[in-house]
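Taking it in order: structure first as structure tokens, then the write-up.
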Amino acid sequence: MRHFSGIVLAIVAALAIFFGGGWGYLRLLRVPTANAPLGSLPGGGGSLLHDHHVLFAMAALAGVGLLIGLLMAVRWVSPLAAGLPGLALLALTGLYLTNVHRAVQLIPLKTRAYGVGFEGLLFNGLLALLGLVMIIPLFVPSRWRRRAMVPVSGAPDPQSGLLTSDDTAVTQQGAFFGTQEFPAADQTAQQDPFPPVNHPYPPTQDQQNPYLR
């Protein structure tokens, strides 16, 4: 179930890279370079807090980076969540190195901003770098094992005597009292319901039975 949810998260991460990363990267590519005149620079060469084009593009890229970082850092998330999209990006980059035309044909929505921006990420080698980073959790052995449940420290130990019965419990030796054991009662012993009563004043030698005279 954990790895199945990792596959679902891998699909979400791939969609986020394609739509969010492609759209944000394309909007940043449309920003003039630093060699352009001062008036054509983003924000007029000043603050970018009011330039919505740059802010939205950076927010989209930051959101994609945050999602990928969480999938890689959180230990209970399956390594497939970040590893599968990373392998796909590396495979696309390898195909791009051998056959550029075929790799470009595999990119969907090339007439939209998402596809054009994704092509820019591929052409500039950013998808290869992102794929190399995302496959790191696949090589961490602890990410493939389920996290063991740690017992609560406040739970009493069954061997400490706290859960034993009164007849078999043994008090622990302390600074003022020694170890004291309580023997179990003998259930087989039967007691006389009418024990003999000892007279508090036993007869003396001077007292004789009047019937024996």
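No value in this document is a laboratory result; all are computed from the given coordinates. Everything numeric in this text was worked out from a predicted model, so none of it was measured. With ideal geometry, Cβ positions are generated from the backbone for all residues, glycine too; neighbour counts draw on all protein chains shown.
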M58 versus V104: modelled label distance in nm, points set 7 Å from Cα along the beta carbon direction:
3.2
Run through every distinct alpha carbon pair of the stretch 2-143 and return the Kirkwood hydrodynamic radius in angstroms, one decimal place.
16.2
Pick out, in residue order, every one of the chymotrypsin sites (Phe, Trp or Tyr not before Pro) in the stretch 46-100 that is DSSP loop and has at most 11 other C-beta atoms within 10 Å; say none if there are none.
W76
Which of S47, A128, L90 sits closest to the plus end of the dipole of the stretch 2-143, meaning its Cα is farthest towards the positive end, when Lys and Arg get +1 and Asp and Glu get -1 on the C-beta?
L90
Please report how far the C-alpha centroid of the stretch 50-82 lies from that of the stretch 83-139, rounded to the nearest whole angstrom.
17
